[in-house]
Structures are given as C-alpha cells and as structure tokens.
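Step one of this worksheet: look at the structure below.
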Amino acid sequence: MGEQVLKLNLPQLAFSIVIFFIFFHSVISDEASKTFIFRVDSQSKPSVFPTHYHWYTSEFAQQTHILHVYNTVFHGFSALLTPQQVASISHHPSVLAVFEDRRRQLHTTRSPQFLGLRNQRGLWSESDYGSDVIVGVFDTGVWPEHRSFSDLNLGPIPRRWKGACETGVRFSPKNCNRKLIGARFFSKGHEAGAASGPLNPINDTVEFRSPRDADGHGTHTASTAAGRYAFQANMSGYASGVAKGVAPKARLAVYKVCWKNSGCFDSDILAAFDAAVVDGVDVISISIGGGDGIASPYYLDPIAIGSYGAVSRGVFVSSSAGNDGPSGMSVTNLSPWLTTVGAGTIDRDFPAQVTLGDGRKLSGVSLYSGAALSGKMYQLVYPGKSGVLGDSLCMENSLDSNLVKGKIVVCDRGSSPRVAKGLVVKKAGGVGMILANGISNGEGLVGDAHLLPACAVGSSEGDAIKKYISTSANPTATIDFKGTILGIKPAPVIASFSARGPNGLNPQILKPDLIAPGVNIIAAWTDAVGPTGLDSDTRRTEFNILSGTSMACPHVSGAAALLKSAHPEWSPAAIRSAMMTTTTVLDNRNQVMTDEATGNSSTPYDFGAGHLNLGRAMDPGLVYDITNNDYVNFLCSIGYGPKVIQVITRAPASCPVRKPSPGNLNYPSFVAMFPVSSKGVASMTFIRTVTNVGSANSVYRVSVEAPARGVTVTVKPPRLVFSEAVKKRSYVVTVAGDTRNLKMGQSGAVFGSLTWTDGKHVVRSPIVVTQMEPL
C-alpha cells in the first residue's frame, strides 16, 4: 500500500523538488532574475478583480513585469523574477505549478505526389484542396510576398476567423491576404531571457521585430503545409517543377515564436497556443522540440500543456519527432494527444560522385550549384590526421591554410553546421570539401547548398577516403555533381536523423506515430538570407531544399487540413487514426522500409504505424477516437493526481476508483510490456473501441501477424458487425508469451500487427512486445 501511495504522489513530489531547487539556487546565486511560468487555478480569482491580469499583477507580481497572461489553453502567467520571488509565489494556494522558461530548438516538390495525392481524384479533389481550413504554423515567421502565399482565386476569409495581422518591422496588415490570413509575433520571453542571461538580444540588423521571416525555416514549413501552386520552381536548378503544399487552398496563420540564432522560448510558445485557439485555427503545426534530449513530464512541458488545450477544443496538433536519431529513445513531443512525426526519404535524390586518384568512384549527395571542378584532380587532405578534434571537424579557425590551400579537404560531420564547415575550408583556401559521416550518422545523407564544390558521403565511404589518404603517397580526387535524379529506389527509407522510439516517458504509447517526407524537401524561402542561412551567403533563392523532421511535420499538418475539410466532424484523434491505420510499411520495391543508418529493415520504433499514405486516409473505414475524458483517465493511469492533472487540463480532474491501465488509451497501436522480472508466461490485455466511418452495414474480420514465435495474440470477438444503428464496437486483445523463450531483437522488442478488413478497407495497427518495467 505504501508503494502505491508513493507512485501516486510522484508528480507532486517532483513539483516540490523543483521548488526546493529554485529556492536553493537563490541562496547560492546572485539573485539573477529569470523567466518563470506559473499555472494558476483560475477559479480562485477574487471577484473584486475585473480580469485575471489585474489579479496576477496585484497578488503575485507586484515587483516585476508580467510578460504573458494565459487564458485559453492554459491559465496563468509568465514573469521575470528572482528565484527567491519564485519560491515565495509558489507557496500561494492558487498556484498549481511553476516551471522555468526553457529555450527550444527548431527540428531543422514532389512530396505531395509521393504521399499518394493526385490532381483529378482522391483526397485533393474530395477536400477541395483543403479550402477554408485554417492552418496555424508556429515557427520563424513568413516571407509574405512569396508567390506560394498568393491568394489568387481564393474565396473570402472564413467568417469564423478572429485573428490579426500584426504590425512590426517591414510588416503590416497589408502583407496579409485571403491566403495568409493572420500573422503574429511573440518575443517577450526571448527578450526577457536575453536581459537575464547569456543569450544575445534580438539583433535588429539581421532579424525583424515582426512576423517577417529572417531565418527561412518558417517560410519553408508554412509553404510545405499549405503553399499554393508555384510553377517553374527550383533551387539553383535542382528539383525543377511545380512546388505546392499538401493543402494548397488551406488558409495560413503564422505565429512567429522562434528567432534567428536564438531558438524559441516556452513562454512565447504557450502564448502562441493561447492566441491560435482563440483566433480560430483548425490545425497547428509545430516543428519545435527540446534541445537537451530530456523528456519533461507532461505537467512541466508547455508544448504538452498548450497542445492539450488546443486538442481538447478540436484543434489538430502535429509536431516533429526530433533529429536525434538513429539513437533509441530519442523521440520527443511524446504527449498522446500530439501527432508526432518522423522523417523518411522520397524517390528523388541529388547525387554527387567522388573520384579518387586510384580510379575508385564513391557516391555522395550535394546541392552545390557554382562553378564545377570539371573533372580536374586536386590533392586530397584530411586535417584529422593531426589528432586534433577541431581540425577533423573543420571548426572555425582550425585549419592551417598552408595545409589546405588549393586542395580538397575531408571534414568530419558534427559539432557545427555542415555548410559552415565548407565556409571554413573556403576561407582557408581549399578548393573543395568532402563531408564524411561518422558512425552515429551511418549512411544517412542530406543535400546542402554549399558555398564551394562539396558533397556529403556516408560513414563507409568516408572511411575508405581516409584510408586512401593515409596509404597513398599523393592522394588526389575530384567531385562531380549529377543534378536531380527521380525514381530512386528504395523509397521511402527511414532518415538516419529521424528520432526513434521507444517512448521515453510512457513506453505504453508508441512514438513516433508515423513518418512523412523529410529529406531534401523543396519549399518557399525567405529573401532575407541565402540558402545556407549563413550571414556571409549573399546568394538569394526563391526556393530552398531542407531536411529534418521539421519538414516532415508540415506534411502531416497539411494532410490534417485535407482530412478536416473532407470530414469536418472528425476529432483530432480520428484524423490521426485515419492517417496511422492507412499508412504503408513497404517501400517502392514492395519490401519493408529500410533504415538509412544501418541498411537493415526498419521497425515501428523507427516509423510508428508507417509512412503517411493520403491516397487511403480519406476513407479509412474504422477510426480509433479519443475523448478528453479518455486523456484524463490516461493521466490518472500513469499516477498523476487531480491537482497535477489540472495543470494540464485546466479543470479539476476526478480519477476512477479503480486505476486505469495506460495501455487502454484508445490508441491505434499496441505496446505489450512484459515485466523484466517475469520468468514464465506473461500476458497483457488491451481494450479498444472502433467507430465505423465507412459503409453503414459492414462486417470486419481480424487478422494478426504475430510478433514472434511463442507470442500469441488473441482478439475477441474476431468479427465486428456494424449497421445504421451500431456505429461503435469494442474488442479485447490479449498478447501472451513465454518470456523464457522470447528472443527480443536488437531494439529490445519484437513487432507484429493487427488488421481489420471488410474486403475494401484495411485498418492496420502495429503491435510491439518488449520486456521492461514501466518508467
């Protein structure tokens, strides 16, 4: 009994520890002020105060300046305070939680067709290309003059829209139109962080204090989700064709929460969630995550809290999984109400070839578009032979010009931007660069618009080049650039950088949910910087090619807009379910997708349910819906008490007398966790409810792909009958196995699937079986 009480109070205990360390820090520090976010019980406001702002300024923050007041997805405020002030305020009975403002990082056009979209039929035509659905993009802003944001032939702005087009540097309401219907910017958290810490303030020479995009990332993600048709699009000759977003007729609302070279602050992100929901967006796309690799519990994670407030009001929220793959348990944005998106390749590539002096030809990738080397052989040098790490990584001021001048330089990937290494080589007099992956990146390659002739090569090719240099008396090489190649096989492939499962907070929920195109994606670009984003890059390009789960996320955001337009009655969970259960796990060779990092077959820890396939998602047959109360029961099941749950849900929660199982959240996937201590037959039971969204009179039959020999999966009933009167059916799944004979794969798990079909629809869910104790 005592152990159970301890588990139930862990979140409250963690909160008390946070307050202790805040106070302890105030004792040993010089009282430096920092920004803190307070979750306040809104029902406690005395009636004498006309607004919560008046109450907060009078009761909590008399000696400081409040930055943001949150009223919609979250109740509370953020303010710049000393740790001692924070410790004092945190003891107020109306304060439910407090957390320090944290800096986040961005998770840095053929892809619509690659998703199964076609002009004359299917989801594009059925949804009218997402017309009148409003997509909110949280990012670095937008370049509003870009033709991807033209409002030509679009109808009036939806009447329900309540947003604004804010005025700032080089931005006014005139920059908005019937396509770009809203634009806001949030900088108070950033500016407070700069005032109280080592972060530099906003640099007005390279940044705009307005929704205008000085970085390019936001313009790229916004146009990926909902850009208009842009003919004769290319990036310096690469990827020529028609660029278009997934939902070309959806409306865009931009929320600038990230600032060039500075990241994105939780307090600003939370304010954007608050504004976007009030404004009336239908979809939120957020390609942002923690940069420290540590998953915060939901009640201390403003993205989790803000997204719950949005989802509970019917807004679909998609987020990037992160770029820390291929390491296991690297996936971020883990909340079960978020749709978490990993990245895969598409069937287009930008090959380059390294020819060594001994005649060997090695494959690489590049987006270099300047003067070519024209087959001329140059001396080849690897600074890493010195044994100094900075030299091998080609860090700033690390190269000896006497060593590299007039030569092609081999640089190791890591520690600094890939394109910045090329600039270092160029400044030192090098004529070219070969960027070699290390073991952690494996064979995963992405193209870059380098400032000198350069290409990236995989780990094995990099090792071969270094060995050639060390064994040859006069090593030489040249680099040839092959342009754009279509029809690449295999595709999709799991991007090596795409973050992987299992879920580091609650392994019972499989994350990522699915993958989408995220490698070498062409989309609109800002006119403020060159394609590398480096200040010294004076080139300008209308479109740019980027890679990252940041690029995958807006594909799913645009897909959600199409599904919302076609099925306005669907909940965010139903939309996610439609995407997940109709994904594909096969590539264009009709084989299981491979992992770019290893070349081996991938698993649900890599791709979740599979790769987005919008050709089937419009008509999924069955969906797994989830209500707000279901999410509350899930939070109860992981040991959160009513007060902690209220931090997330805003309203006081009531947990069932009998503690629920987290595995019974009505998710379109199954994770059976057998205890490590189990030395015999172990089993786990799941309950799921499906809603028929296809033909009224339907009969579905189940089929199971067992995860491994010795594992049995039993489904009762094995047949689901639907009619005009019966739209929902529940079923029970029991996964059992003898742990003494169960051989887990390299990932520590084995994988199978459960599929319902009525002869037309195929509703597939992954099954994961692993041995671990709940985290």
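Kirkwood-type hydrodynamic radius, the range 446-597: 19.2 Å, calculated from all non-identical alpha-carbon pairs.
When the chain is fully extended, how far beyond the present Cα-Cα distance does S695 get from R658, taking 0.36 nm per residue of separation? The partial results should precede the final answer.
Numbers: separation 37, 0.36 × 37 = 13.32 nm, distance 3.68 nm.
Gain in length upon complete extension: 9.6 nm.
Modelled spin-label separation between K728 and R539, with each label point placed 7 Å from Cα along the Cα-to-Cβ direction: 5.6 nm. Once the 1.4 Å probe is applied to the protein heavy atoms, the chain comes out at 37 Å² accessible per residue.
Cα-based values for the range 43-102, radius of gyration first and Dmax second, are 11.1, 34 Å. Sequence-distant contacts, meaning Cα pairs under 8 Å at least 6 residues apart, place the relative contact order of the range 685-731 at 54 percent. For the range 380-479, the C-alpha radius of gyration divided by 2.2 N^0.38 Å, with N the number of residues, is 0.94. What the Kirkwood sum gives for the range 576-643 is a hydrodynamic radius of 14.5 Å, with every pair of different alpha carbons counted. For the range 537-572 and the range 636-712, write down the distance between their C-alpha centroids in whole Å. Each part reduced to its Cα centre gives a spacing of 30 Å.
Distance from the C-alpha centroid of the range 141-218 to that of the range 422-464: 34 Å, rounded to the whole angstrom. When Rg and the Kirkwood Rh are both derived from Cα coordinates, the Rg/Rh ratio for the range 169-275 amounts to 1.02. Distance distribution P(r), the range 629-752, all Cα-Cα pairs, bin width 10 angstrom from 0: 11, 31, 30, 23, 5 percent. For a paramagnetic label modelled on S678 (point 7 Å from Cα along Cα→Cβ), amide N atoms under 20 Å away belong, within the range 490-526, to 502-511.
Which entries in the list K162/K643; K361/K407; K564/K728; K179/K511 go over 23 Å, if you measure between the two C-alpha atoms of each?
On the way: K162/K643 32 Å; K361/K407 18 Å; K564/K728 21 Å; K179/K511 33 Å.
Flagged as over cut-off: K162/K643; K179/K511.
Taking the square roots of five times each eigenvalue of the Cα gyration tensor of the chain, the equivalent ellipsoid has semi-axes of 40, 33, 28 Å, listed largest first. Potential lengthening of the chain between N397 and Q746 amounts to 121.5 nm, from the contour at 0.36 nm per residue minus the alpha-carbon distance. Relative to the Cα centre, the charge distribution of the chain, modelled as +1 at Lys and Arg Cβ and -1 at Asp and Glu Cβ, gives a dipole magnitude of about 1480 debye.
Take each peptide in 584-596, 150-162, count the other Cβ atoms within 10 Å of every residue, and average; sorted highest first, the result is 584-596, 150-162. For the range 276-383, the C-alpha radius of gyration sits at 1.68 times the compact-globule guess of 2.2 N^0.38 Å, with N the residue count. Peptides 43-51, 560-568, 393-401 ranked from most to least packed, by the mean per-residue count of other Cβ atoms within 10 Å: 560-568, 393-401, 43-51. Quick one: go through the range 692-706 and flag any residue whose amide nitrogen is under 15 Å from the point 7 Å out along the Cα-to-Cβ line of T757. Under cut-off, by backbone N: 699-706.
The calculated FRET efficiency for V48 paired with N628, based on their beta-carbon distance and R0 = 35 Å, is about 0.65.
Packing, taken as the mean count of other beta carbons within 10 Å per residue, orders the peptides 463-472, 502-511 from highest to lowest as 502-511, 463-472. In terms of overall dimensions, the range 334-380 has a Cα radius of gyration and Dmax of 18.6, 56 angstrom.
Could you please state how large a percent of the accessible area of the chain is carbon and sulfur, counting protein chains only and using a 1.4 Å probe? Write down the numbers at each step before the final one.
On the way: 15180 of 28940 Å².
Roughly 52 percent of what the probe reaches on the chain is carbon or sulfur.
Placing a pseudo-label 7 Å from each Cα along the Cα-to-Cβ vector at D204 and T714 gives an inter-label distance of 7.3 nm. Global size of the range 217-342: 15.8, 48 Å for Rg and Dmax (C-alpha atoms, Rg to one decimal, Dmax whole). For the range 687-701, the residues whose amide N sits under 16 Å from a probe point set 7 Å from the Cα of V721 along the beta carbon direction are 696-701.
The values are calculated or read from the model by the stated rules, or taken from the named source; none is laboratory data. Given the structure is predicted, the values throughout are model-derived calculations rather than measurements. All Cβ positions, even for glycine, are placed from backbone atoms using ideal geometry, and neighbour counts span all protein chains on display. All accessible areas refer to the heavy atoms of the entire protein, side chains included, with ligands and DNA or RNA removed. Shrake-Rupley method; radii C 1.70, N 1.55, O 1.52, S 1.80 Å.
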